[in-house]
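Worksheet: the structure to be examined is printed underneath.
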Amino acid sequence: MDPQNASTRAFTGDRSPARAAVDNVMRRSLKISNPYDPAEVAKGLLARYGDEAERIKREQQGLPFSVMQAQPPSVPQTNGTGRPEMRRASDAIEAALKELTTSPDLADIQPELSGWASMIRRACADGFASARYAIDASERDRAFGARRSLGEFGRLARYAAAVNSCATEIYCRVAQACDLSANVMLVLIGDALGDAGITRSGGILQVTAATLESRRDGVVEALRNLLAPNAIDDQDTLPRAQQAVLDIYEKLEEMGSPDLRVLLDEA
């Protein structure tokens, strides 16, 4: 083996113990045979740090690299109802509503209770369907609206149980089923937001980008009017703007937060 050859230099015997230890660490960590081969080292680094390599590749292509990785396809459910909690909630709703609409003790108000059952089933179906796509603001609002409807039906059922002694348990089971479905919807909304990558922020934007841009322009324009030098008394500027800015500075000094003055700088 030629000591002058970079590809075989690692196998020569005239190496210090520290150099040999570094070579062994590279072999173990990168799973390579020759730590002096650049191509082999690069291949080992790409295999070990695949996520970082993918981000660098996306950046070289001009694409955003801070995006959520593609999620693996979920296993299809046998009955199409999603997670087990959702199936249990649906079964509890169906059992409670069937008992409510077929009880002999409530036969005289069966048409009204059938209307209850129809509205509750519709709220459950809408809520479960929309909660899966909670990343969309409109679908999220529909899911929360369904939760609100179920909560109102639950309170109404408990009120009916309190004033009606012949079917107290039936009404209570309906209320419990409504609460269970509403809680499961909240879990599904959280799962949808988590799957979309919203896990490190406490706020979710509820408006469009155009609305945010118009609000930003309004704030910047107001700041310019506030800091305008030699402002005149008209509808677009503030004649006492400089005095107001000085007052704001003094208040920030008194509060011990002079660093907040930078927020009045447009730049």
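The values are calculated or read from the model by the stated rules, or taken from the named source; none is laboratory data. In this text, all values refer to a predicted model and were calculated from it rather than measured experimentally. Here Cβ is always computed from backbone atoms with ideal geometry, including for glycine, and neighbour counts include all displayed protein chains. Just so you know, the surface numbers come from the protein's heavy atoms only, side chains and all, with ligands and any DNA or RNA stripped out. Shrake-Rupley method; radii C 1.70, N 1.55, O 1.52, S 1.80 Å.
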**Flag for residue 58 being part of a loop (DSSP other than H, G, I, E, B), basic (Lys, Arg), surrounded by 11 or more Cβ atoms within 10 Å (Cβ to Cβ) and at pLDDT below 80** = no
**Prompt:** Yes or no: residue 118 without any contact (Cβ under 8 Å) to a residue 24 or more places away in the chain, in a helix (DSSP H, G or I), more than 27 Å from residue 194 (Cα to Cα) and not hydrophobic (A, V, I, L, M, F, W, C)?
**Reply:** yes
**Prompt:** Is it the case that the range 173-183 has a residue that's hydrophobic (A, V, I, L, M, F, W, C), surrounded by fewer than 18 Cβ atoms within 10 Å (Cβ to Cβ) and either at pLDDT 90 or above or not in a helix (DSSP H, G or I) (or both)?
**Reply:** no
**Fill in**
residue 160: passes all of (1) more than 17 Å from residue 94 (Cα to Cα); (2) in contact (Cβ under 8 Å) with a residue 12 or more places away in the chain; (3) open to solvent by less than 70 Å² (accessible area, probe 1.4 Å); (4) of a type outside the set (Asp, Glu) but (2)
**Asked** From 68, 1, which residue is at pLDDT below 80, loosely packed, with under 14 Cβ neighbours inside 10 Å and touching a helix residue (DSSP H, G or I) at 6+ places or on another chain (Cβ under 7 Å)?
**Response** 1
**Asked** Which is open to solvent by less than 60 Å² (accessible area, probe 1.4 Å) and at pLDDT 75 or above, of 45, 30?
**Response** 30
**Message:** Among the listed residues 100, 150, 156, identify the single one that is under 15 Å from residue 173 (Cβ atoms), in contact with a Leu (Cβ under 7 Å, 6 or more places away or on another chain) and assigned to a helix (DSSP H, G or I).
**Reply:** 100
**Prompt:** Taking the range 93-115, which residues are touching a Ser or Thr at 6+ places or on another chain (Cβ under 8 Å) and either among the polar types (S, T, N, Q) or more than 16 Å from residue 188 (Cβ to Cβ) (or both)?
**Reply:** 101, 110, 113, 114
**Asked** Looking at the range 140-152, which of its residues are over 11 Å from residue 185 (Cβ atoms) and either modelled with pLDDT under 90 or surrounded by 18 or more Cβ atoms within 10 Å (Cβ to Cβ) (or both)?
**Response** 141
**Asked** Of the residues that sit in the range 117-139 and are within 20 Å of residue 154 (Cα to Cα) and open to solvent by less than 50 Å² (accessible area, probe 1.4 Å), which one is farthest from the chain's Cα centre (by Cα)?
**Response** 117
**Item:** Any chance residue 86 is outside any loop (DSSP other than H, G, I, E, B), open to solvent by 60 Å² or more (accessible area, probe 1.4 Å) and in contact with a Phe, Trp or Tyr (Cβ under 8 Å, 6 or more places away or on another chain)
**Value:** no
**Criterion violated by residue 112 - all others in (1) assigned to a loop (DSSP other than H, G, I, E, B); (2) out of contact with any helix residue (DSSP H, G or I) (no Cβ under 8 Å at 6 or more places or on another chain) satisfied** = (1)
